[in-house]
Amino acid sequence: MADELTPETPEEEQPKKTHKQRKNGLYPGVSDELAESMRSGWADTELHGLEPIAQAAHTAARRAALSARFPGERLVIPAGRLKTRSNDTEYPFRASTEYAYLTGDQTENGVLVLEPTGETGHTATVYLLPRSNRENGEFWLSGQGELWVGRRHSLTEAEQLLGIPAKDVRELPEALTEAEGPVRNVRGHDPVIESALTDKVTKERDEELRVYLSEARAVKDDFEIGELQKAVDSTVRGFEDVVKVLDKAEATSERYIEGTFFLRARVEGNDIGYGSICAAGPHACTLHWVRNDGDVRSGDLLLLDAGVETHSLYTADVTRTLPINGTYTDIQRKIYDAVYESQEAGIAAVKPGAKFRDFHDASQHVLAEKLVEWGLLEGPVERVLELGLQRRWTLHGTGHMLGMDVHDCAAARTEAYVDGTLEPGMCLTVEPGLYFQADDLTVPEEYRGIGVRIEDDILVTEDGNRNLSAGLPRTSVEVEAWMARLKG
Ligand code: GLY
Ligand code: MN
Ligand code: MN
């Protein structure tokens, strides 16, 4: 649906212009009488006495920690803007993780600014688009007008909900241009803000802010853990939905699986947290198979890697590899059980005080043992691991931090992440796999075209870990029983 009164509207589709309408230079095709009519007759819908959002206390604590890390500096954290898909259509908007983490807000064009109050401390302001003005016509004549995009919160409402003073974002570029003193900005989200700050920021200093915000998210607070569990619980239901429609997928394609999972994600959450990998048969060996346009065949495996993102933007990241007809063949089971054993070893290595790399090493060790045992690699296992020979078939790392981003904390320094130590409150995936490409001549034919991954979302606790995705079965026998139950 196009904005019917913009100049792009073909001449013949515009209402006939009267003399008065031609006088109205601002909005061609709008008579003074219509403009006058649209100014008034609208009810006052201001909301009063709003309760703060559930995470308001948590976002305040996060802003306080950020303030303590960068005393005396102005910090600018944008939500981002709509991105054009084609002409006047845009991609669905998803607020930047940094902005949503610090405010709990998700509206496009929003910007959080922490203004230094002296040598220590900051005042936070969230800059937002206010309600549309009805006097000047922007309400119905501008592309961002509420008539087109829906009602926004007023600045007063936003203040109550977020617990942060709110101002009109249209005033921000000029205020930033005029501001004195050191500034840092989270780059990559808002070109308008970046151009206002271009002479005041440096890439290195902005990167320090991004790195801080990535590392700050490593340990999750109670609210975040609750959201991750919600994301996983919806994901479990999405996997159940898929099992129930495998016959329909066989009659169509992998797209049926993608669409089925997406329905659950949109109904219970905000979205999917990443492109669902719905990989039947040999597609399982393509790690980022998101085309999802292949056949689904009885006798093959389905590798489904998918996660629901909650309304507060926390995502699950879960993989199960299922026999499409409900029963693993002998060779499928042999490979599946090896990956399961590897995952068990990985999960057991997730505990406070362990190195982040430990669970990867534990999982890889088991896979290397299996590959030697099956005669695909020559031992000893330690030599295989030293040379990394197992990687022809294990292909990827065994896991990553999980949170608002599926690959969370990605800007963290190596010493704080990959070379770091696990702490209670961290959440990570454990996801070993074995992938035998269809054209791999170095393995017996029966292995070719089989790919298996098992991926769970593991919370580090005070005394070990908790598998947030334990609601889905993991052993081959349990998977078969679960599928039989769901298929009825
Ligand atoms: N779904 C992406 C990953 O497992 O890392
Ligand atoms: Mn995954
Ligand atoms: Mn993952």
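The values are calculated or read from the model by the stated rules, or taken from the named source; none is laboratory data. Please read all numbers here as calculations on a predicted model, not as lab measurements. Note: ideal-geometry Cβ built from the backbone for every residue, glycine included; neighbour counts use all protein chains shown.
Helices (runs of 4 or more DSSP H) wholly in the range 66-157 with at least 1 residues that are under 25 Å from Gln55 (Cβ atoms) and not β-branched (Val, Ile, Thr) - which ones?
Working: elements: 97-103, 138-141, 146-149.
Result: 97-103.
Out of (1) polar (S, T, N, Q); (2) assigned to a loop (DSSP other than H, G, I, E, B); (3) closer than 29 Å to Val236 by Cα, the odd one out for Thr429 is which?
Against the list (1) polar (S, T, N, Q); (2) assigned to a loop (DSSP other than H, G, I, E, B); (3) closer than 29 Å to Val236 by Cα, Thr429 comes up short only on (2).
Could you run through the range 372-417 and say how many residues are in contact (Cβ under 8 Å) with a residue 24 or more places away in the chain, within 16 Å of Val339 (Cα to Cα), more than 16 Å from ligand 2 (Cβ to nearest atom) and part of a helix (DSSP H, G or I)?
Of the residues in that region, 2 qualify.
What residue, of Asp361, Asp317, is closer than 23 Å to Cys409 by Cα, touching a strand residue (DSSP E or B) at 6+ places or on another chain (Cβ under 9 Å) and within 16 Å of ligand 1 (Cβ to nearest atom)? Walk me through how you get there before you give the answer.
Values: Asp361 fails: within 16 Å of ligand 1 (Cβ to nearest atom).
Every option except Asp317 fails the conditions.
Restricting attention to the range 335-357, and to residues there that are part of a helix (DSSP H, G or I) and free of Cβ contacts under 8 Å to residues at least 24 places away in the same chain, which single residue is surrounded by the fewest Cβ atoms within 10 Å (Cβ to Cβ)?
In the first step, residues of the range 335-357 are kept if they are part of a helix (DSSP H, G or I); the result is 335-348.
Pick out the ones that are also free of Cβ contacts under 8 Å to residues at least 24 places away in the same chain and you get 344-345, 348.
On the way: Glu344: 18, Ala345: 21, Ala348: 16.
Among those residues, the one meeting the criterion is Ala348.
When you go through Arg413, Arg466, Arg448 one by one, which is the residue that is out of contact with any Ser or Thr (no Cβ under 8 Å at 6 or more places or on another chain) and either under 17 Å from Gly281 (Cα atoms) or at pLDDT below 95 (or both)?
Numbers: Arg413 fails: either under 17 Å from Gly281 (Cα atoms) or at pLDDT below 95 (or both); Arg466 fails: either under 17 Å from Gly281 (Cα atoms) or at pLDDT below 95 (or both).
Testing whether each residue is out of contact with any Ser or Thr (no Cβ under 8 Å at 6 or more places or on another chain) and either under 17 Å from Gly281 (Cα atoms) or at pLDDT below 95 (or both) leaves just Arg448.
Test His365 against the stated conditions and say whether it is in contact (Cβ under 8 Å) with a residue 12 or more places away in the chain and under 19 Å from Met426 (Cα atoms). Talk me through it step by step, then tell me what you get.
Values: in contact (Cβ under 8 Å) with a residue 12 or more places away in the chain: yes; under 19 Å from Met426 (Cα atoms): no.
Answer is no for this residue.
Enumerate the pairs (first residue in the range 55-80 and touching a residue at least 12 places away in the same chain (Cβ under 8 Å); second residue anywhere and charged (D, E, K, R) and in a helix (DSSP H, G or I)) with beta-carbon separation below 7 Å, excluding pairs fewer than 6 apart on the same chain, so at least 6 apart or on different chains.
Sorted first by the residue in the range 55-80, then by its partner, the pairs are Ile77/Glu98.
Please indicate, with yes or no, whether at least one residue in the range 435-458 is within 16 Å of ligand 2 (Cβ to nearest atom), under 18 Å from Gly346 (Cβ atoms) and free of Cβ contacts under 8 Å to residues at least 40 places away in the same chain.
No, the conditions are met nowhere in the range 435-458.
Out of the residues in the range 171-190 that are over 32 Å from the mean Cα position of the chain (by Cα) and part of a loop (DSSP other than H, G, I, E, B), which is surrounded by the most Cβ atoms within 10 Å (Cβ to Cβ)?
The extreme case among them is Ala179.
Pairs needed: first member in the range 257-284, aromatic (Phe, Trp, Tyr); second member anywhere, assigned to a helix (DSSP H, G or I); C-beta distance under 8 Å; at least 6 residues apart or different chains.
So the pair list comes out as Phe261/Gly238; Phe261/Phe239; Phe261/Asp241; Phe261/Val242.
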